[in-house]
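Following: one structure in structure tokens, then a few remarks.
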Amino acid sequence: MNLITLKKISKIYKMGKVEVPALVDADLQIQKGEYLAIMGPSGSGKSTLMNVLGCLDVPTSGDYFLDGKDVGKLNDVEMASIRNQMIGFVFQTFNLLPRLNARKNVELPLIYAGVKRQERHMRADKLLESVGLSGRAEHLPSELSGGERQRVAIARSLANDPHLILADEPTGNLDSKSGEEIMKIFDSLNKSGVTIIVVTHENFIAEHADKSIHILDGRIERIEVHKK
Amino acid sequence: MNDFWEELVQSLGNLKGNKTRSFLTMLGVVVGVMAIIGIISIGEAGKLSIKKDLESFGSNLAAIWADKREDTVYKPLNNYDVEFLRSLPFIKDVSPTLSLYREVRRSDKRLDCPIMGVSPSYFGLNNRHIEKGRFFSSFENNNFRRVCVITEGIKKELFERHGIDDPVGHVVKIGDFPFFVIGVMKKIELQSFLSSFVGEEKEIYVPERTVKTTFGISRINYILFGLKEGVKPTAARKSLTSMFRLRKGRNTYYGMQFVENQINAFSSVMNTVTMIITLIGALSLFVGGVGIMNIMFISVTERTREIGIRKSLGATQVTILRQFLNEAVILSLLGAFAGIAIGSLVTLAVEGVIKWKPYISPGAIVLSVFFSLIIGVVFGIIPAKKASALHPIDALRYE
Ligand SMILES: Nc1ncnc2c1ncn2[C@@H]1O[C@H](COP(=O)(O)OP(=O)(O)OP(=O)(O)O)[C@@H](O)[C@H]1O
Ligand SMILES: [Mg+2]
């Protein structure tokens, strides 16, 4: 069964009288457990597509089914619950809360899931350990390197065992060595069955995935299958 | 999501992260609460002490006197009126009051002072107590005895200055007639500012009948009387007015004064004053609330990205709303507690300086906490709503 089905999804920004089509009639099906790269030039609509997939943005038209549910028909609480339980986000700019230490950042999705303090604490520490940051739980984001921050963000995205990881240029702000480490984490997550979608400009990042979707001017141009 | 403590700890963390701003935000509430605590406490303490003083005069005390208005004639009160009042079922006790000026002498000391002719019930009606000796009796009054009770001022002037500590048993000359001093009255003890009106009394009290026979004066200035327990001043005034019209003629007029009315009038004036001042305090709390709202709006704008991040991690609108509302309420409550603490200290200091009993109004404390809570909610809800309504992606993209 498909985890994700997009039918003629469009996103059009209205800037006064000018209409900016960021995404045009996107049809897409993604299976559970797939490892996908989204590629395309700057401004082509990659982030727009990711935000729609992650229920952070609502399309102007078209239908989006996630795990069989019509996302367009969900209310605020149901959307929040999907973001909390089904999806883990990893952003180019990490998006950690600067005043909370690494553990507290990882605990956030657990708080919204209603997990009790003690268990939250334990799970956050386990997650940090799994991304190789067991000694950094008490560090504030400003006391971590870029690669470490992104690993905290990944630990946070995994807090509620999501089916789907959405990563928008996760290595964009990192040197190649840290970037490679991040991609290794994604590889092993995918091996354990998590569906992963990564936006990237770089071919060597895209090669980690099974397929690459190429976008141009808001349209899906072609889908390329990688041979491994 | 039900983890109230976690929410509280996070809100406190956010407020602590910006201490200066949190403090400035609270300042308005602190000042408002201080005003409420101080003013209500001092107002209530003052009201209580003044009321107590008024009551010490005898709260059921009343007076009636002959008066003249444009369309009436002056017809003085006489002994029959005294007896009539005494016979009324709603009146407890009666004393006529005749006053005159005479020269008072003891050996070579002279003093011009008011002489008060009263009946023995006068002392009880006025709640007066004896310091030395005794008051005069009905027997002495009925038999025109030349005895007198003196006040503190007279005792000082005529006796103490000349080495006599106990005037009882001595003789003073009032006009041309010798009177036995049989008692010295206790001073009136007042705690409120009313004491400055009373001052030192320099009067001599003698039996009213003695005044009539000795000095040939029978004009009653006013009649003091006490109402029985539970009699309403308004009802007493009404029936006395009509009865005196019947007795003295339709074209007469008699003035009346009731202490209970005075107390009530005073209380209602004080209540109005307290209310106005409380209103001013509430107003400054309101201004403090507007301050909280402004700061919360700034805070929401500054933390737009944070709101986006939280929403991307599963925060609902309600969660975000609650987070910001919590912060507003915590700010205003912290402000209230600080205001209560500082306000109480200031109030106690002021009461100490003016030598009142230390008193902090519990009602004012409850009122300020209640007000501040409401202000936190009312002024926090608008910014909190704004925060919660942000679209996740708009909030995340905010620079
Ligand atoms: N909030 C917005 N209002 C108006 N136009 C927008 C908005 N967000 C994106 N766009 C426009 O939509 C188009 C697609 O933007 P998007 O962010 O999806 O590009 P992208 O492929 O992620 O680019 P990049 O590789 O630079 O991140 C762009 O032309 C952009 O200007
Ligand atoms: Mg992008």
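The values are calculated or read from the model by the stated rules, or taken from the named source; none is laboratory data. In this text, all values refer to a predicted model and were calculated from it rather than measured experimentally. No Cβ is skipped: glycine too gets one built from the backbone with ideal geometry, and neighbour counts run over all protein chains shown.
Taking the stretch A:188-209 as the range and being touching a Leu at 6+ places or on another chain (Cβ under 9 Å) and under 17 Å from A:His163 (Cα atoms) as the test, the residues that pass are A:Leu189, A:Val194, A:Thr195, A:Ile196, A:Ile197, A:Val198, A:Ala209. Please enumerate the residues belonging to the stretch A:79-98 that are in a loop (DSSP other than H, G, I, E, B), at the interface with chain B (Cβ under 9 Å from one of its Cβ atoms) and in contact with a Lys or Arg (Cβ under 9 Å, 6 or more places away or on another chain). The answer is A:Asn95, A:Leu96, A:Leu97. How about the stretch A:155-205: which of its residues are within 12 Å of the chain's Cα centre (by Cα) and among the small types (Gly, Ala, Ser)? Hits for the stretch A:155-205 are A:Ser157, A:Ala167. Within the stretch B:1-52, being more than 13 Å from chain A (Cβ to nearest Cβ) and more than 28 Å from the chain's Cα centre (by Cα) holds for B:Thr20, B:Arg21, B:Ser22, B:Phe23, B:Leu24, B:Thr25, B:Met26, B:Leu27, B:Gly28.
Would you be able to tell me the number of residues in the stretch A:72-89 that are small (Gly, Ala, Ser), crowded, with 19+ Cβ neighbours inside 10 Å and either over 12 Å from the mean Cα position of the chain (by Cα) or at pLDDT below 95 (or both)? Total satisfying the criteria: 1. For the subset of the stretch A:86-135 comprising residues that are more than 16 Å from ligand 1 (Cβ to nearest atom) and in contact (Cβ under 8 Å) with a residue 60 or more places away in the chain, which member is farthest from A:Ile154 (Cα to Cα)? Within the stretch A:86-135, the match that is farthest from A:Ile154 (Cα to Cα) is A:Met86. Residue check: A:Ala26 meets all listed conditions (1) more than 14 Å from every other protein chain (Cβ to nearest Cβ); (2) more than 13 Å from ligand 1 (Cβ to nearest atom); (3) within 17 Å of A:Ile197 (Cα to Cα); (4) surrounded by 12 or more Cβ atoms within 10 Å (Cβ to Cβ) but one, namely (2).
In the stretch A:27-67, which residues are assigned to a loop (DSSP other than H, G, I, E, B) and within 13 Å of ligand 2 (Cβ to nearest atom)? Answer for the stretch A:27-67, where residues must be assigned to a loop (DSSP other than H, G, I, E, B) and within 13 Å of ligand 2 (Cβ to nearest atom): A:Gly40, A:Pro41, A:Ser42, A:Gly43, A:Ser44, A:Gly45, A:Gly54, A:Leu56, A:Asp57. Within the stretch A:112-161, the set of residues being more than 19 Å from A:Asn190 (Cα to Cα) and of a type in the set (A, V, I, L, M, F, W, C) comprises A:Ala113, A:Val115, A:Met122, A:Ala124, A:Leu133, A:Ala137, A:Leu140, A:Leu144.
This table checks each residue for (1) in a helix (DSSP H, G or I); (2) modelled with pLDDT of 80 or more; (3) in the same structural domain as B:Val31 (by TED's automatic domain parsing).
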position: B:Met256; (1), (2), (3): no, yes, no
position: B:Met270; (1), (2), (3): yes, no, yes
position: B:Thr274; (1), (2), (3): yes, no, yes
position: B:Ile277; (1), (2), (3): yes, no, yes
position: B:Leu283; (1), (2), (3): yes, yes, yes
position: B:Val287; (1), (2), (3): yes, yes, yes
position: B:Val290; (1), (2), (3): yes, yes, yes
position: B:Asn294; (1), (2), (3): yes, yes, yes
position: B:Ile307; (1), (2), (3): yes, yes, yes
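Checking each residue in the stretch B:294-310 for being surrounded by fewer than 18 Cβ atoms within 10 Å (Cβ to Cβ) and more than 14 Å from every other protein chain (Cβ to nearest Cβ) picks out B:Asn294, B:Phe297, B:Ile298, B:Thr301. Just to be sure before I move on: is B:Phe371 in the same structural domain as B:Ala387 (by TED's automatic domain parsing) and within 15 Å of B:Leu27 (Cβ to Cβ) in the structure I sent? For B:Phe371, the condition - in the same structural domain as B:Ala387 (by TED's automatic domain parsing) and within 15 Å of B:Leu27 (Cβ to Cβ) - is not met. In the stretch B:340-368, what residues are closer than 13 Å to B:Glu44 by Cβ and either of a type in the set (Lys, Arg) or not assigned by TED's automatic domain parsing to the domain that holds B:Ala35 (or both)? Correct list: B:Lys357 only. If the condition is being at the interface with another protein chain (Cβ under 9 Å from one of its Cβ atoms), under 19 Å from the mean Cα position of the chain (by Cα) and surrounded by 20 or more Cβ atoms within 10 Å (Cβ to Cβ), then the stretch A:106-122 contributes A:Glu107, A:Leu108, A:Pro109, A:Tyr112.
For B:Ala349, the conditions (1) in a helix (DSSP H, G or I); (2) over 34 Å from the mean Cα position of the chain (by Cα) all hold with the exception of (2). When the stretch A:5-23 is limited to residues that are more than 14 Å from chain B (Cβ to nearest Cβ) and either crowded, with 21+ Cβ neighbours inside 10 Å or within 21 Å of A:Pro170 (Cα to Cα) (or both), the one that is nearest to ligand 1 (Cβ to nearest atom) turns out to be A:Ile9. Scanning the stretch A:154-181 for residues that are away from ligand 2 (no atom under 16 Å from the Cβ) and within 14 Å of another protein chain (Cβ to nearest Cβ) gives A:Ile154, A:Ala155, A:Arg156, A:Ser157, A:Leu158, A:Ala159, A:Asn160, A:Asp161, A:Pro162, A:Leu164, A:Ile165.
Every condition in (1) free of Cβ contacts under 8 Å to residues at least 40 places away in the same chain; (2) away from chain A (no Cβ under 14 Å) is met by B:Leu313 except one, and the failing one is (2).
With respect to the conditions (1) part of a loop (DSSP other than H, G, I, E, B); (2) within 12 Å of chain B (Cβ to nearest Cβ); (3) out of contact with any Lys or Arg (no Cβ under 6 Å at 6 or more places or on another chain), A:Gly132 lacks only one, and its number is (2). Evaluated against (1) in contact with a Pro (Cβ under 8 Å, 6 or more places away or on another chain); (2) within 30 Å of A:Arg136 (Cα to Cα); (3) within 12 Å of ligand 1 (Cβ to nearest atom), A:Asp57 falls short on exactly one condition, (2). Checking A:Val199, A:Val194 one by one, the residue that is within 16 Å of ligand 1 (Cβ to nearest atom) and among the aliphatic types (A, V, I, L, M) is A:Val199 and no other.
Considering B:Leu325, B:Leu331, B:Leu283, which residue is under 30 Å from the mean Cα position of the chain (by Cα) and either more than 14 Å from chain A (Cβ to nearest Cβ) or within 16 Å of B:Asn14 (Cα to Cα) (or both)?
B:Leu283
Evaluation of A:Val24 against the conditions (1) within 16 Å of ligand 2 (Cβ to nearest atom); (2) touching a residue at least 60 places away in the same chain (Cβ under 8 Å); (3) assigned to a strand (DSSP E or B) shows that the sole unmet condition is (1). The set of residues from the stretch A:64-78 being more than 9 Å from chain B (Cβ to nearest Cβ) and under 16 Å from B:Arg310 (Cα atoms) comprises just one member, A:Glu78.
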